[in-house]
Amino acid sequence: MIEEASQFVLVIVWALILAYFLGGYLTRLITGRPRMFETFLSRIERPVFRIMGIDPTRSMTWKEYLFALLSMNALVGVFSFVVLLAQGVLPLNPTGVPGTSPDLAFHTATSFATNTDLQHYAGEASLSLFSQLSLMVPMFIAPGTAIAAGIAFIRALPTSTGKIGNFYADLTRVVLTILLPVSIVVAILLNSQGVPQTLNGLLTTGSFEGASQTIPIGPVASWESIKMFGQNGGGFFGANSAHPFENPNGFTNLLEVIFLLAVPLAFPIAYGKVLGRGRGLAFLAVILVSFFLLFGFALLGGGAPIGQETRFQGFGSLLFQQSSIGANTGATNALLESLSHRATTSLFVLMFIQAVPGGAGAGFMTLVIYAILTLFLVGLIVGKTPEFIGIKISPRQVRLAVITFLVHPVLILIPTAIAFVYGHVQGILGTPTTPFGYTQALYEFTSAAANNGSDFLGTLANTPFWNIATGLVMVLGRYVPIGLMLAIAGEFSTQGARGTPEPIRTDGLPFTVTLFGLTFLLSALAFLPFLVIGPFVR
């Protein structure tokens, strides 16, 4: 028990330390204040701005920002789609795998472009080394997009100009000065622990029987580093982080958990530095308390030994799963089937809320949506006009916040019902459908809508229906909420935060407790019946 508690404390403390420094750096990107080593960093960024024709001083409206964001992500998705279709004739294909089917290419391209990395294939068997390398492009662009959107969202709050920054400048700075350097450091640490880093796609070695065997390998350390730090979650191998080449030992297991939590936890810290420490601490407290309680709930159920890696034991596996799914990374280091019904329910709740701590940038914006809804509901109860950081919340912003909240259950429940009605669940899992089969199907669409990427179905879902349906859900689950949240930020950016006292304070214990309670209450109202009939009983 002492060892397990020390692991949990170690992970949270180190994640918060990293988040503190990252939060400080994000603050400077948000406010435009000079960064440490500003001259050096500017020299790195300037050639990129010049080549791409980017004017970093030109600020955009929220509509311009969203258009730039969607255009960039569309280009990345098309690039990945073409590579996957043509991988059979492209170089670095030592095993001679053919191009993927169009529906699998569509699913994989949209999955990586939306920062979901839901995989209906086994990487070492289905993709060439060139395709694996190419997919690392969206693994930087997708989290960079979400972090840039989070930066623009916070930047919009204290301003009154109607402008929220330049997307291309934000994305360039995030990728070049945050994601890339940190990923290099993490890759070196992982490589020192035995994670392969090579362009030689095959490793020939002996086996226990004395015969030789050939194992696909590649730049696994660099893949693994951005997979965790960028909340991507997709595995180089089909076994994901349960594979010893991706996650060799207990040290790498904790290291990956620490780095996947760092960026999501940095956003409330940055928010507090920009708009008041108390406000940031309130959001951070909601995140940490919610995460701790859900992890405790998962621990009560224990876990089956089948499917859990002996390298990590039950606690290490559960800590990894809880952190990864909570941060919308979706990486797994054990079979999800090995988890108890309580642990599975906990993972569902994390994906329903999407903000504990949620994915980089997007998770924090989602928590602000919960805060707006909380202030609106409390304002109705006490008879006060709802304000957020001194800005009056308009009816249109409330409507946008409600739609943002409702998009998630709609994208989960309707496709799940369609999959059952037309026999697509029964087609891959057989009949009659059990509560566990229902759980598997519900989890698939929940993970897709939350841009999480973990799943029960794996390669079983490599069919036209599941590839196209989850691909569309991933696209809508990613860009509709981001568009709505940037629209809300755009309205805030025309007003600007005032220094006047708030009718309902957005800091302190009362707000923290109320936000915590209503976040869980709203999620329960939307999803509790569907948890009871499946995941909670398995």
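Any residue at all in the stretch 194-217 that is in the same structural domain as residue 127 (by TED's automatic domain parsing), more than 19 Å from the chain's Cα centre (by Cα) and assigned to a helix (DSSP H, G or I)?
So the first thing to find is which residues in the stretch 194-217 are in the same structural domain as residue 127 (by TED's automatic domain parsing), and the list is 194-217.
Checking the rest, the ones that are also more than 19 Å from the chain's Cα centre (by Cα) come to 194-217.
Subsequent filtering for residues that are assigned to a helix (DSSP H, G or I) retains none.
Scanning the stretch 194-217, I find no residue that is in the same structural domain as residue 127 (by TED's automatic domain parsing), more than 19 Å from the chain's Cα centre (by Cα) and assigned to a helix (DSSP H, G or I), so the answer is no.
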| query | Given 270, 285, which one is more than 30 Å from residue 456 (Cα to Cα), outside the structural domain of residue 91 (by TED's automatic domain parsing) and small (Gly, Ala, Ser)? | reply | 285
| request: Check off (1) surrounded by fewer than 22 Cβ atoms within 10 Å (Cβ to Cβ); (2) more than 19 Å from the chain's Cα centre (by Cα); (3) modelled with pLDDT of 95 or more for residue 221 and give me the number that stays unchecked. | output: (1)
| note | residue 276 vs (1) of a type outside the set (Phe, Trp, Tyr); (2) buried (at least 17 other Cβ atoms within 10 Å of the Cβ); (3) touching an Asp or Glu at 6+ places or on another chain (Cβ under 7 Å); (4) closer than 30 Å to residue 151 by Cα: all pass except (2)
| field | Enumeration of residues in the stretch 145-163 that are at pLDDT below 95 and in contact with a Leu (Cβ under 7 Å, 6 or more places away or on another chain) | value | 157, 158
| task | Taking the options 84, 104, 66, name whichever one is hydrophobic (A, V, I, L, M, F, W, C), farther than 19 Å from residue 470 by Cα, modelled with pLDDT of 95 or more and not in a loop (DSSP other than H, G, I, E, B). | result | 66
| task | Report the residue count in the stretch 334-368 for those that are buried (at least 24 other Cβ atoms within 10 Å of the Cβ) and touching a strand residue (DSSP E or B) at 6+ places or on another chain (Cβ under 7 Å). | result | 2
| What is the number of the single condition among (1) among the small types (Gly, Ala, Ser); (2) at pLDDT 95 or above; (3) surrounded by fewer than 24 Cβ atoms within 10 Å (Cβ to Cβ) that residue 323 does not meet? | (3)
| Check on residue 256, touching an Asp or Glu at 6+ places or on another chain (Cβ under 8 Å) and without any contact (Cβ under 8 Å) to a residue 60 or more places away in the chain | no
| request: Please tell me if residue 33 is touching a residue at least 24 places away in the same chain (Cβ under 8 Å) and farther than 28 Å from residue 448 by Cα. | output: no
| request: Please state which one of 179, 157 is buried (at least 22 other Cβ atoms within 10 Å of the Cβ) and free of Cβ contacts under 8 Å to residues at least 60 places away in the same chain. | output: 179
| So residue 325 clears everything in (1) aliphatic (A, V, I, L, M); (2) outside any helix (DSSP H, G or I); (3) under 18 Å from residue 262 (Cβ atoms) except one condition, right? Which one? | (2)
| field | Hey, residue 526 surrounded by 17 or more Cβ atoms within 10 Å (Cβ to Cβ), of a type in the set (Gly, Ala, Ser) and modelled with pLDDT of 95 or more or not | value | no
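Restricting attention to the stretch 240-260, does a residue exist that is outside the structural domain of residue 366 (by TED's automatic domain parsing), in contact with a Pro (Cβ under 9 Å, 6 or more places away or on another chain) and buried (at least 24 other Cβ atoms within 10 Å of the Cβ)? Break it down stepwise before answering.
Applying the first criterion (outside the structural domain of residue 366 (by TED's automatic domain parsing)) to the stretch 240-260 yields 240-260.
Those left that are additionally in contact with a Pro (Cβ under 9 Å, 6 or more places away or on another chain): 245.
Remaining after also requiring buried (at least 24 other Cβ atoms within 10 Å of the Cβ): none.
Checked the stretch 240-260: no residue is outside the structural domain of residue 366 (by TED's automatic domain parsing), in contact with a Pro (Cβ under 9 Å, 6 or more places away or on another chain) and buried (at least 24 other Cβ atoms within 10 Å of the Cβ).
The values are calculated or read from the model by the stated rules, or taken from the named source; none is laboratory data. Quick caveat, the model's predicted, so the values are computed rather than measured. Here Cβ is always computed from backbone atoms with ideal geometry, including for glycine, and neighbour counts include all displayed protein chains.
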